[in-house]
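Visitor: Take a look at the following structure, please.
Each value in this text was obtained by applying a stated rule to the coordinates, not by laboratory testing. In this text the structure is predicted, and so the values were computed from the model without any measurement. Positions of Cβ are backbone-derived with ideal geometry, glycine not excepted, and every protein chain shown enters the neighbour counts.
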Amino acid sequence: MAQPEYQRFASKLIPSINPQTLLGVRLPRLRMLAKRIMRSGKWKDYLSSAVDDSFEEIMLQGMVIGQLEDLTEVFYWIKRFVPKINNWSVCDSFCSGLKIARIHQQEMWDFLQPFIHDKREYYLRFGIVMLLFYYVNDDYIDQVFTAVNQAKTDEYYSKMAAAWAVSVCYASYPQKTICYLIRSDLDDVVYHKALQKIGELKQVTLEEKQQLKKFKRKK
């Protein structure tokens, strides 16, 4: 299923990984394969024996985990999978597949806490991206703000996840997010990247963009 031209394209989007470990298989093909594995009933055999020598093989494991319906199994395999994450693409695709979080909000929230407080780049990114996908709602928005504010990191992809999370919060709760930004102690990189991402939202008006400029921190 590998396509050399797609491999060259994809490797430019994910500069943090060795391009030789990227085969060039498109994600829809991997999703089809994940469904086949689930239909076979041998998903546990696959996850137990799968190798981690390519971007696609790791991505496929995450897609299979995302289709599990038993929360205990999901938690078990997440713990085994997160240490394998070494780029933003696998992280974010994995999070987008864990839709079980919509059904078991509180249980997943509790499970995510160690990741949200972890200093390792992709452990923390995993935790934050899960929040922005599944917890920007009336029940959890204030807790999301607190979690992002406490997620201190020196790692680039963790910082970008925190900024992304703030912009997602703004999309649904603009006034709350502005109040949060004013009192937050986000570091300057995350703070200004969040403002930039908010300004790039399609629903943000020209007037709002002008207003956002006033919130920039002076150097």
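Visitor: Among the GluC sites (Glu not before Pro) in the range 176-209, which ones are in a DSSP loop with at most 14 other Cβ atoms within 10 Å of the Cβ? Mind listing them?
Guide: On the way: sites: 200, 207, 208; in loops: 200.
Of the GluC sites (Glu not before Pro), the ones in loops of the range 176-209 whose Cβ has at most 14 other Cβ atoms within 10 Å are 200.
Visitor: Counting each DSSP H run of 4 or more residues in the chain as -39500 (n - 2.57), what helix-only mean residue ellipticity at 222 nm follows after dividing by all residues, to the nearest 500 deg cm²/dmol?
Guide: Details: 13 runs with 146 residues, N = 219.
So the helix-based figure for the chain works out to -20500 deg cm²/dmol.
Visitor: Another one. For residue 21 and residue 69 in one chain, what is 0.36 nm times their gap in residues minus the Cα-Cα distance, to one decimal in nm?
Guide: Full extension of this stretch gives 14.3 nm more.
Visitor: Still on this structure, I have one more. Cα axis of helix 88-97 to longest principal axis of the chain: angle in degrees, 0 to 90, nearest 10?
Guide: The angle comes out near 80 degrees.
Visitor: What number comes out for the charge environment of residue 120, summing +1 per Lys or Arg and -1 per Asp or Glu over other residues with Cβ under 13 Å away?
Guide: For residues surrounding residue 120, the net value is 0.
Visitor: Ordered by residue, what ³J(HN,Hα) values in Hz, to whole numbers, does the range 63-73 give under the Karplus form 6.51 cos²θ - 1.76 cosθ + 1.60, where θ = phi - 60° and Gly and Pro are x?
Guide: 5, 5, 4, x, 9, 6, 10, 8, 4, 4, 5
Visitor: Along the Cα→Cβ direction, 7 angstrom out, place labels at residue 178 and residue 201. What is the inter-label distance in nm?
Guide: Between residue 178 and residue 201, the simple spin-label model gives 1.1 nm.
Visitor: Moving on. So how do 164-175, 37-48 stack up, highest first, on mean other-Cβ count within 10 Å?
Guide: 164-175, 37-48
Visitor: Taking the simple approach of a point 7 Å from Cα along Cα-to-Cβ for both residue 216 and residue 142, what is their distance in nm?
Guide: A separation of 3.3 nm, rounded to one decimal place.
Visitor: Still on this structure, please answer the following. So what is the relative contact order for the chain, in percent, with contacts set as C-alpha pairs under 8 Å and at least six apart?
Guide: Values: 229 pairs, mean separation 27.0, N = 219.
Relative contact order of the chain: 12 percent.
Visitor: Under a Cβ-only charge scheme (Lys and Arg +1, Asp and Glu -1), can you give me the dipole magnitude of the range 62-219 about the Cα centre, in debye to the nearest 20?
Guide: That gives a dipole near 820 debye.
Visitor: For the range 36-126, rounded, prolate or oblate, judged on the Cα gyration tensor with a ≥ b ≥ c (square roots of eigenvalues), a/c < 1.5 rounded, else prolate if a/b > b/c?
Guide: The shape class here is oblate.
Visitor: Based on the alpha-carbon gyration tensor of the range 160-218 and its eigenvalue square roots a ≥ b ≥ c, which shape applies: rounded if a/c is under 1.5, prolate if not and a/b is larger than b/c, or oblate? Please list the in-between numbers first.
Guide: Working: a/c = 1.42, a/b = 1.22, b/c = 1.16.
Rounded is the answer for the range 160-218, as its axis ratio a/c remains below 1.5.
Visitor: Helix 27-40 versus the longest principal axis of the chain: what is the Cα-based angle in degrees, 0 to 90, to the nearest 10?
Guide: Once rounded, the angle reads 50 degrees.
Visitor: Normalised by the number of residues in the range 53-168, what is the relative contact order in percent for Cα pairs under 8 Å and 6+ residues apart?
Guide: In percent, rounded to a whole number, it is 23.
Visitor: What is the range 86-138 by shape, rounded, prolate or oblate, if you read a ≥ b ≥ c off the alpha carbon gyration tensor as root eigenvalues and call it rounded for a/c under 1.5, prolate for a/b larger than b/c, and oblate otherwise?
Guide: Because a/c hits 1.5 or more and a/b fails to exceed b/c, the range 86-138 counts as oblate.
Visitor: Let me ask something else about it. Quick one: net charge of residue 63's neighbours, Cβ under 9 Å, K/R +1, D/E -1?
Guide: Working: positive: 31, 35; negative: none.
Local net charge: +2.
Visitor: Sticking with this one: What is the dipole size for the range 126-182, taken about its Cα centre, with +1 at each Lys and Arg Cβ and -1 at each Asp and Glu Cβ, in debye to the nearest 20? Each step should come with its number before you reach the end.
Guide: Numbers: 3 positive and 5 negative charges, 26 e Å.
Using only the charged Cβ atoms, the result is roughly 120 debye.
Visitor: Ok, one more. If I model a spin label at residue 99 and residue 42 as a point 7 Å from the Cα along the Cα→Cβ vector, what separation in nanometres do I get?
Guide: Output for this residue pair reads 2.7 nm.
Visitor: Still on this structure: For a quick check of your reading of the filter: which trypsin sites (Lys or Arg not before Pro) in the range 108-175 sit in a DSSP loop and have no more than 12 other Cβ atoms within 10 Å?
Guide: For trypsin sites (Lys or Arg not before Pro) across the range 108-175 that sit outside H, G, I, E and B with at most 12 neighbouring Cβ atoms in 10 Å, the list reads 119.
Visitor: While we're here: Please find the FRET efficiency linking residue 84 to residue 8, where r is the Cβ-Cβ separation and R0 is fixed at 25 Å, and quote it to the nearest 0.05. Provide the component values of the computation, followed by the final result.
Guide: Numbers: r = 24 Å, r/R0 = 0.96.
Efficiency at R0 = 25 Å is approximately 0.55.
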